[in-house]
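Heads up, the thing below is written out as structure tokens.
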Amino acid sequence: MGGVRKEEEPKGKIGKIMNSPCLRQASKTCLHGCCAAPFLAPPPPPPPQKPNSSTTNNKVTIFRYDFTLATAASLCCYPNSQFTNHESLPSLHESYAYFIKAYPQYSQTDQADYIRAHEYHHLNLSKHVCLDYIGHGLFSFSQLQKHYQTPSIASSSSSSPPPLPPTIPQSLYAPEPLFFDISYKSVNLHTQILYGGQESEFEFEMKKRIMSYMNISEVDYTLILTANQSSAFKLLADSYPFQNNPNLLSVYDYKNEAVDVMAESCKKRRGRVMSAEFSWPNMRIHTSKLGRKIGKRKKIRKRPGLFVFPLQSRVTGVRYSYQWMSIAQENGWHVLLDACALGPKDMETLGLSLFKPDFLICSFFKVFGENPSGFGCLFVKKSSASVLKDSSVVSSIGIVSLVASSIPSQLVVEKSSDKEVSIKQKAHTLSEIEELERDSESDQSENWESYESGKSSGIECRGLDHADELGLVLISRRARYLINWLVNALMSLRHPHYSEYGHQLVKIYGPKIKFDRGPSLAFNVFDWKGEKIEPSIVQKLADRHNISLSYGILDHIWFSDKHQEEKETKSETCRSEVEGAHVSVVTAALGFLTNFEDIYRLWAFVSRFLDADFVEKERWRYMALNQRTVEV
């Protein structure tokens with residue numbers, strides 16, 4: 001299990017430096033000489049010697065240490081690096097200037113800003129911060145509103161784009177193969193894998209584009225389209241032979257409804273449901289316990305089952321070693337990789353080319369931030385397809401086909417309405433009206449013929465094209481700078497009169513400042529008394545400030561002896577049959593189009609809770625505006 005030790009802290013000299021109290025003082029210093037106190041210098045480089053793996057690892061560790069130090073010092077240039085009043089926060093412009101000083105390479109990712117400005121302009125115009133979106137967007141917003149002159153800007157209660165404008169230019173009606181519907185199939189999953197089925201050229205091209213984007217070979221895998229992510233999980237669970245391989249082992253540090261559905265299917269066939277456990281509060285995998293569950297017990301070694309593995313938590317941002325897949329495969333498990341939490345282009349990493357899972361699930365959405373016509377994807381490795389042949393399920397609900405649809409109905413309605421107004425304005429006699437109506441029907445027929453002939457001209461998925469254009473390195477680098485700055489900024493918020501034994505405003509669960517953390521964050525806000533403000537309240541108040549956040553429940557938490565007291569005070573009872581400790585949290589997820597202003601606005605919003613009366617003020621403000629009492 002050598003590779004699994006990547007979950008642990010660095011050992012030796014570097015590990016001691018990174019865990020020393022000196023690092024906690026780094027935020028009082030500056031990387032660029034604007035503070036009087038010199039910052040903690042990195043350890044001296046090793047003496048010249050022949051390159052070897054040890055030297056390389058040491059350099060990587062030093063580099064990551066420097067990154068951690070740079071992040072911790074990114075707020076140091078302000079008179080006080082700890083903020084106890086929301087009015088004392090530096091401006092967006094000033095904060096960005098110091099952000100660039102700490103991360104000068106961030107400017108090399110401005111291509112993402114260009115794409116956002118030109119293809120997803122609704123994010124800037126609506127002033128809506130979307131931090132509740134995880135997934136892959138097929139199309140860009142500009143494709144949906146092509147040739148719009150004056151898009152309607154309206155705030156909403158989610159990250160959905162603004163509604164369509166009331167007047168739609170005639171040019172929008174030029175038919176394009178952008179819109180599609182899904183139609184359900186009544187077919188057994190194994191039969192679908194083995195024989196496929198009739199599919200349109202539209203569906204064929206879409207599958208081909210997705211396989212290319214996910215870097216998955218059509219020679220090795222078969223792609224089955226499903227209604228959504230949960231449908232993909234249920235399809236696989238219902239078809240998997242738990243009667244012969246009776247164990248289901250998952251690695252999720254939060255409650256996942258799709259995995260819960262899979263667990264129920266396993267239990268119905270008397271299978272055994274297990275989960276990895278996660279150490280509090282860093283939420284790392286308890287490696288020894290997971291190792292025993294995978295292969296150190298004789299009963300499990302003889303009859304393993306399905307190992308469900310996400311590679312990283314979409315809630316806390318914890319990343320897990322690829323080696324867990326290898327260990328599971330070596331012990332006879334079938335591996336399902338949940339790629340729904342992976343960022344754009346993450347499938348291009350070396351680990352996934354070495355440890356090919358038996359099954360893989362991901363999901364796609366029509367437009368960034370919205371899911372009017374989304375679908376899920378279940379990839380089955382062809383060499384593992386025979387595993388599903390013993391399924392007793394006659395038909396599987398959830399398998400779908402993609403159908404190139406007509407122009408969206410709402411556009412057709414608008415078009416018909418515009419035509420009707422135009423006809424009444426131009427015609428003065430009944431005969432003129434009838435003649436113009438015939439011309440209108442003729443024009444609509446020509447549009448349909450043009451649309452049908454254009455379906456085979458290929459599919460332009462700008463959302464996927466943009467991720468391909470930016471690439472894995474640029475996307476990962478951008479997210480790394482933003483998420484670590486946000487973590488540092490949130491931890492800089494302190495209640496007035498905060499002391500070493502007092503109460504901080506924000507508590508983060510999972511990794512803090514870390515080079516290879518994921519671009520998602522789980523946290524809670526606490527009042528000056530140390531009492532947690534309900535995540536649902538934080539989410540609703542954020543929504544009123546035009547910021548979309550999510551809500552999650554941390555699960556399968558393991559408390560060491562020193563955290564037993566904390567377990568009694570922080571764990572919650574969930575309305576679930578699952579036993580164990582649960583902690584409700586606020587979650588934020590960064591996408592490849594997230595920019596610095598987005599995370600700054602989240603920081604500024606959370607800082608408002610430094611005002612002891614902020615929640616009560618918001619409640620009265622809402623009552624005054626809406627003339628009614630509504631629970632926050």
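Rounded if a/c is under 1.5, else prolate if a/b is larger than b/c, else oblate: which is the range 211-350, with a ≥ b ≥ c the root eigenvalues of its Cα gyration tensor? Since a/c stays below 1.5, the shape of the range 211-350 is classed as rounded. Stretching D110 away from H497 to a fully extended chain increases their span by 135.3 nm, per 0.36 nm per residue minus the current alpha-carbon distance. The length gained on full extension between N331 and W620, counted as 0.36 nm times the residue separation minus their Cα-Cα distance, comes to 98.1 nm. Placing +1 on each Lys and Arg Cβ and -1 on each Asp and Glu Cβ, with no other charges, gives the range 264-354 a dipole about its Cα centre of roughly 880 debye.
Between the amide H of Y551 and those of T587, distances stay under 5 Å, these residues lying 5 or more places away or on another chain, with hydrogens modeled in the peptide plane. Residues of the range 226-250 falling in the label zone of V187, defined by backbone nitrogen less than 17 Å from a point 7 Å along Cα to beta-carbon, are 226-228, 232, 235-236, 239.
Rolling a 1.4 Å probe across the protein heavy atoms gives the range 306-372 an accessible surface of 26 Å² per residue.
Surface composition of the range 228-365: carbon and sulfur atoms hold 48% of the protein heavy-atom accessible area at a 1.4 Å probe.
If the label point is 7 Å along Cα→Cβ of S383, which residues in the range 193-226 have backbone nitrogen under 18 Å from it? So the set is 216-223. Can you bin the range 260-331 into rounded, prolate or oblate? Criterion: square roots of the alpha carbon gyration tensor eigenvalues sorted a ≥ b ≥ c, rounded for a/c under 1.5, prolate for a/b above b/c, oblate for the rest. Oblate, since a/c reaches 1.5 and b/c is not below a/b.
The values are calculated or read from the model by the stated rules, or taken from the named source; none is laboratory data. The structure displayed is predicted, hence computed values, not measured ones. Cβ: placed from backbone, ideal geometry, glycine included. Neighbour counts: every protein chain shown. Accessible surface is based on the protein model in full, side chains and every heavy atom, while ligands, DNA and RNA are left aside. Shrake-Rupley method; radii C 1.70, N 1.55, O 1.52, S 1.80 Å.
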